[in-house]
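Working notes, beginning with the structure itself.
The values are calculated or read from the model by the stated rules, or taken from the named source; none is laboratory data. As the structure is a computational prediction, the values presented were derived from the model and not from experiment. Positions of Cβ are generated from backbone atoms using ideal geometry, with glycine treated the same way; all protein chains shown enter the neighbour counts.
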């Protein structure tokens, strides 16, 4: 057990519970910056995320706030794509031995994208008006939904980041859903996606299980504490600060 890692998990869990900003966007760059190799950071984070998302999915299942048809269509694109991303990474490493460099640079660009998406979601969410795409039925958008899943799923498989934030932005702009249904659907799909990608990383030895357990020991109470206190703090300034921190992390990794 490492007290330092547990405390780090506690702080990240606390910030996630307080702001709702994705844990992977905070955790993965921090792990790399403290000296964990990018491939281990990504694999461990995906597996860790799978466990945390499982509890969230179960809660939303009980509340009936998951759009199962949308989850299915997104997963049809995202899961094969994430598996493909991990496979390509492993193949590249076998031939060019540059897996760590690819992950690090991809991570930097995706963190910048996630930071901008978080700022958009924070400041524009309540100003959205229904558009033509939102008004279409899910069956009419089936192909588009699978393609969105495929593109974003590849990013998640490569970097561990975006399973919540990037998919949430897509759902916000392209589907007509209640806020609770959007959150529930996002978490349920993210659970399937990070589980598939995490298992692929486990298969090629990219997971540090002791590190994951230490992070969970800190982050679970951290999330609970942050969620409890979230109503006492203004969300918008906190999310803005978190987005800017993620942006700086992304720039540092490029």
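Worth a mention:
- Hey, residue 146 at pLDDT 90 or above, assigned to a helix (DSSP H, G or I), farther than 20 Å from residue 31 by Cβ and within 19 Å of the chain's Cα centre (by Cα) or not: yes
- Test: residue 211 is in contact with a helix residue (DSSP H, G or I) (Cβ under 8 Å, 6 or more places away or on another chain), buried (at least 24 other Cβ atoms within 10 Å of the Cβ), under 19 Å from residue 27 (Cα atoms) and modelled with pLDDT of 90 or more: no
- Positions within the stretch 10-41 being more than 19 Å from residue 238 (Cβ to Cβ) and either assigned to a helix (DSSP H, G or I) or in contact with a strand residue (DSSP E or B) (Cβ under 8 Å, 6 or more places away or on another chain) (or both), in sequence order: 28, 31, 32, 33, 38, 39, 40, 41
- Within the stretch 169-183, one or more residues are modelled with pLDDT under 90, in contact with a helix residue (DSSP H, G or I) (Cβ under 8 Å, 6 or more places away or on another chain), surrounded by 14 or more Cβ atoms within 10 Å (Cβ to Cβ) and under 24 Å from residue 254 (Cα atoms).
- Check on residue 223, assigned to a helix (DSSP H, G or I), crowded, with 20+ Cβ neighbours inside 10 Å and either modelled with pLDDT of 80 or more or in contact with a helix residue (DSSP H, G or I) (Cβ under 6 Å, 6 or more places away or on another chain) (or both): yes
- Set 77, 87: member being in contact with a helix residue (DSSP H, G or I) (Cβ under 9 Å, 6 or more places away or on another chain), surrounded by fewer than 17 Cβ atoms within 10 Å (Cβ to Cβ) and closer than 14 Å to residue 196 by Cα: 87
- Hey, residue 214 farther than 29 Å from residue 91 by Cα and either within 18 Å of the chain's Cα centre (by Cα) or in contact (Cβ under 8 Å) with a residue 40 or more places away in the chain (or both) or not: yes
- Matching residues, the stretch 93-117, being assigned to a helix (DSSP H, G or I) and at pLDDT below 75: 93, 94, 95, 96, 99
- Residue in the stretch 118-134 that is within 19 Å of residue 196 (Cα to Cα), assigned to a helix (DSSP H, G or I) and in contact (Cβ under 8 Å) with a residue 60 or more places away in the chain present: no
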